[in-house]
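Worksheet for the structure shown next.
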Amino acid sequence: MDSVDLGHTTVDLARLARTGAAEVVFGQNKTAQQIAEIGAALLAAEQNLLATRVEPDKAQHIVAQLSAQAQALDAVVEYNATASAIVCRPFAEPKPVTTTIAIVSAGTSDGPVAEEAALTCEFLGNPVLRINDVGVAGLHRLLARIEEIRTARVVIVVAGMEGALPSVLGGLVDKPVIAVPTSVGYGASFGGVSALLGMLNSCASGVSVVNIDNGFGAGYMASMINRL
């Protein structure tokens, strides 16, 4: 079966075979019931569940509705409040990897986006190294962790404000850097547009950029690189 029609959603069950990763549920603007039904269809098809952008009140309903199905698979349905994501992962990844993805965040306020990226990487079977609060306002914090960061195969850098951290790291590591601008900052940050433009105009080589607050997109791309 390539897909299942739930009325409100057609779940793409063939995506795992086509791309190596099951369909991920974007929870924003979906109801709790819709997300739960999509999750149930994925688990019934022996595919792992990741649902992003799920508000806490929706998550409570979804976890309760899927718990019995997960328990039958010797798994649990978990809600990560920092990342606003639901995970149920009873099925092993077909190709386990041992090389690490580093998630480097500039400030504590960037934490939710960084955690969405980290959770996505872990969901896809990648070991993750979390490096938090090492922004350019105190470069000594970054330099104290730079040797750890250099052990990773891919580096995701999450930053708001002026978005300078990816450029700095791009000149310090010999690995691909995926920059994630966040909507963190005062008025002239324009909801992350300033950080986005700063990252797109980076003079450092080897830096690519995803959309504002798109931790999932960065995590997915990093996983693809890590699995090459």
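Using the Cβ-Cβ distance between Gln33 and Asn211 with R0 set to 35 Å, the FRET efficiency from 1/(1 + (r/R0)^6) comes to roughly 0.80.
If I fit a long axis through the Cα atoms of helix 56-72 and take the longest principal axis of the Cα atoms of the chain, what angle between them do I get, 0 to 90°, rounded to 10? Tilt of helix 56-72: around 60 degrees. Against the chain, whose longest principal axis is taken from its Cα atoms, helix 32-44 shows a tilt of about 80°. Annotation: lysines with alpha-carbon distance below 23 angstrom to Lys30 (same-chain offsets under eight excluded): Lys58. The angle between the Cα long axis of helix 111-123 and the main principal axis of the chain comes to about 60°, on a 0 to 90 degree scale. Here the 3J(HN,Hα) profile of region 124-130, calculated from phi with Karplus coefficients 6.51, -1.76 and 1.60 at θ = phi - 60°, is 8, x, 9, x, 10, 10, 9 Hz, Gly and Pro shown as x. Post the alpha-carbon centroid distance, region 159-186 to region 1-64, in whole angstrom. Taking the Cα centre of each part, region 159-186 and region 1-64 sit 31 Å apart.
Throughout, read-outs are computed from the coordinates displayed, never taken from laboratory work. Worth saying up front: this structure is predicted, and the values here are computed from it rather than measured. FYI the Cβ positions are ideal-geometry reconstructions off the backbone, even for glycines, and counts take in every protein chain you see.
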